[in-house]
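The values are calculated or read from the model by the stated rules, or taken from the named source; none is laboratory data. Quantities reported herein were computed from a predicted structural model and do not represent experimental measurements. A quick note on method: Cβ atoms are made from the backbone with ideal geometry, for glycine too, and the neighbour counts reach across all protein chains shown.
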Amino acid sequence: MLNYFQRLGASTLSVLERLGRASIFFANILLSIPSVLIRPRLLFSQMYSVGVLSFSLIVISGLFVGMVLALQGFYTLSDFGAEGMLGVMVAASLVRELGPVVAALLFAGRAGSALTAEIGLMKATEQLSGMEMMAVDPVARIVAPRFLAGLISMPILATIFSAVGIMGGYFIGVGLLGIDEGGYWSQMQAKIDFNIDIINGLIKSVVFGWVVTWIAVFEGHDAIPTSDGVSRATTRTVVHSAFAILALDFILTALMFGDI
Amino acid sequence: MNELIEDSILIKVRDVHFSRGSKLIFDGVDMDIQRGKVTAIMGPSGTGKTTLLKIIGGQLRPSQGSVEVDGSNIHAIRHKELYQLRKKMGMLFQSGALLTDITVFDNVAFPLREHTNLPESMIRSLVLMKLQAVGLRGAFNLMPSELSGGMARRVALARAISLDPMMIMYDEPFTGQDPISMGVLVQLIRLLNDALSLTSIVVSHDVRETCAIADFVYLVSDGKVVGSGTPEELAESDSEWAQQFLLGMPDGPVPFHYSAKPYVQDLIEH
Amino acid sequence: MYVSRSIEIIVGLFVAIGFLAMFFLTMQVSNLSGFNKETGYDIKAGFENIGSLKVMAPVSIAGVKIGRVTGIDFDSESFEAIVTMSIDSKFNELPSDSSASILTAGLLGEQYIGLEAGGEEEFLVEGSKLELTQSALVLEQIIGQFLFSKDGAD
């Protein structure tokens, strides 16, 4: 029995220790951000590998999610004779929830895991250590540009996801199921509020971008420098990111839309 | 007189203790690294020689004791000063630690670009000079993955000297090299040390190669310095330990067997 | 430093597409696309009870949407709800004695304001107040009235 409590205590302590280390690491990243802004070229190359390379995945997924939403929504709404609301349903689901959440989950799988693996391997091959000995701070040179690139790319990707999804819903709803084109857009415009829906969706995606990139760079930097350690860290990035995204989504939704 | 002697010592390691987890790695190590000399630190694998270099470079912090590099205590100075000091310290990692996503040229240029505002044409000249010094000017356009292990170490050496440091630390420079590249590296370490009036620290367990170029040798085992002196002095010393290590005898003060309970007892127990 | 020009261009394109998507969401999807304040004029109307009318609810005449509710206030002297509506400046020839009623779209739909044209020669302008209004139907009151009148008849 005592043994059980001992183990519980030990694992609690180790979780707290990791959280503390991650927070200190995050503070270090924040301190290094000015040095990245002085040299935006570092940021551009990371925007390419973090953002641009996730682009096609986001566009294709967004298109299909929008199409499926329109198809499913149509069958449900037509029971109530409310097919005209299809545009609203597609747009509200995408802008409020699916855009930020699904794009962030995809982003964690595509870019987050790559970030962890890259930084973890740089650590395993002593590249980070080597930089330190060349008096180059790896947090400022390697980690901070990647963090900032993720933070900027995530809302862009989520916005693209929502926009493409709404167009996918348009192809299915208007093109295939024969809903009135004007109705699709005008109902949407009547119901989707810029401040409530679009801005809040954007805030969500910024928060998700922050948490996913934070987890990814931390796991990479904290990885045990062996091939096994890096692979475990990569897995942890995807799993922890997914948990964090869904939990934060619940909290943010409750805060943003709870009282409406 | 006293001051003169003090000044000729670049690095002073005093009573350094270090442990990783519950394992004690250093148990009071004292060393003096002379300016302008090649100092070798030798000892069996797993005695934390690399750890010692990382302590000297300020990447690891000893639990007790101090390391003084060029007059400043490396674990007490501020982060910024530490980075200033590191610009004067080169380190050659066992793997070379080249940045894998950029070419040989960019690797050697990396510290220059990070720390200076030199025009690109001057960086180019400097990089080619450093690469020429290690004999790899022709390889400037290759990626690190296209280099052999020995070449990667030479590129790393060119990178380590690109900022004209006052000292270079070599971590196991000879491990896993064929005789030719080993010979090249041995010669390079000595030549660079004298030509650039560097101070070199070579961590190694390759006795013959290291003794050929070292001015002074420290033998480390079980977290302590167990012998020191010039290679000749050590070879003539009657320390059992030094004899075992230098001559490569399988059994001696460092036992052949990992510590265990008596053999017979272990066998009859089951 | 190690970034080629083409990568910079691609990243620039990526960010531009992001802005384009944001522009699309703003203009084509959300209510910012509708009526801008600059192009419309404001009129007011007092109601005894506005039910569940909300800001941004549509204002229509003969079923055509011509504006939006931009403000809801309470007048503590007349104890009326004062609703401000912004009407698109295209529709600037509405008679000044038009009446406003709060209607419900469908059985369970949202509430909106329906205008009914009057016969005056003068038109509604910025700041006009509609005199004839009909409040929202509040279900509980209707049921209450129905029960009361039934009691009276007996």
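The helices (runs of 4 or more DSSP H) found entirely in the range A:1-97 that carry 2 or more residues being within 30 Å of residue A:146 (Cβ to Cβ) are A:2-38, A:40-47, A:53-79. Meeting the requirement of 1 or more residues that are more than 14 Å from chain C (Cβ to nearest Cβ) and modelled with pLDDT of 90 or more, the helices (runs of 4 or more DSSP H) wholly within the range A:141-258 are A:144-170, A:200-222, A:227-257.
Number of residues in the range A:3-36 that are touching a residue at least 40 places away in the same chain (Cβ under 8 Å) and more than 14 Å from every other protein chain (Cβ to nearest Cβ): the value is 7.
Checking the range B:98-114 against the condition returns no match, with no residue being in contact with a strand residue (DSSP E or B) (Cβ under 7 Å, 6 or more places away or on another chain) and either more than 10 Å from chain A (Cβ to nearest Cβ) or closer than 30 Å to residue B:139 by Cβ (or both).
The helices (runs of 4 or more DSSP H) falling completely within the range B:1-109 that include 1 or more residues that are among the basic types (Lys, Arg) and out of contact with any His (no Cβ under 9 Å at 6 or more places or on another chain) map to B:49-56, B:79-86. I'd like to check something: does the range B:150-163 contain any residue that is surrounded by fewer than 24 Cβ atoms within 10 Å (Cβ to Cβ) and out of contact with any helix residue (DSSP H, G or I) (no Cβ under 7 Å at 6 or more places or on another chain)? Taking every residue of the range B:150-163 in turn, none turns out to be surrounded by fewer than 24 Cβ atoms within 10 Å (Cβ to Cβ) and out of contact with any helix residue (DSSP H, G or I) (no Cβ under 7 Å at 6 or more places or on another chain). The number of residues in the range B:250-270 that are farther than 29 Å from residue B:43 by Cβ and either in a loop (DSSP other than H, G, I, E, B) or among the aromatic types (Phe, Trp, Tyr) (or both) comes to 2. On inspection, residue B:219 fails the criterion of being assigned to a helix (DSSP H, G or I) and in contact with a strand residue (DSSP E or B) (Cβ under 6 Å, 6 or more places away or on another chain).
Of all residues in the range B:103-122, those satisfying the criterion of being of a type in the set (A, V, I, L, M) and in contact (Cβ under 8 Å) with a residue 40 or more places away in the chain are B:104, B:108, B:109, B:112.
Within the range B:85-97, being more than 7 Å from chain A (Cβ to nearest Cβ) and not hydrophobic (A, V, I, L, M, F, W, C) holds for B:88, B:90, B:94, B:96. Is there a residue being more than 19 Å from the chain's Cα centre (by Cα) and closer than 27 Å to residue B:11 by Cβ anywhere in the range B:136-144? Within the range B:136-144 (the criterion being more than 19 Å from the chain's Cα centre (by Cα) and closer than 27 Å to residue B:11 by Cβ), the answer is no, since none of the residues qualifies.
Might you check whether a residue that is within 14 Å of chain B (Cβ to nearest Cβ) and of a type outside the set (Val, Ile, Thr) occurs anywhere in the range A:49-63? Yes; the residues of the range A:49-63 include at least one that is within 14 Å of chain B (Cβ to nearest Cβ) and of a type outside the set (Val, Ile, Thr). Taking residue C:135, is it under 18 Å from the mean Cα position of the chain (by Cα), at pLDDT below 85 and either more than 25 Å from residue A:80 (Cβ to Cβ) or buried (at least 17 other Cβ atoms within 10 Å of the Cβ) (or both)? In short, yes. For beta carbons closer than 6 Å, sequence separation of 6+ or different chains, a first residue in the range A:82-95 that is farther than 14 Å from residue A:168 by Cα and surrounded by fewer than 24 Cβ atoms within 10 Å (Cβ to Cβ) and a second that is of a type in the set (A, V, I, L, M) and at pLDDT 85 or above, the qualifying pairs are A:83/A:77; A:85/A:77.
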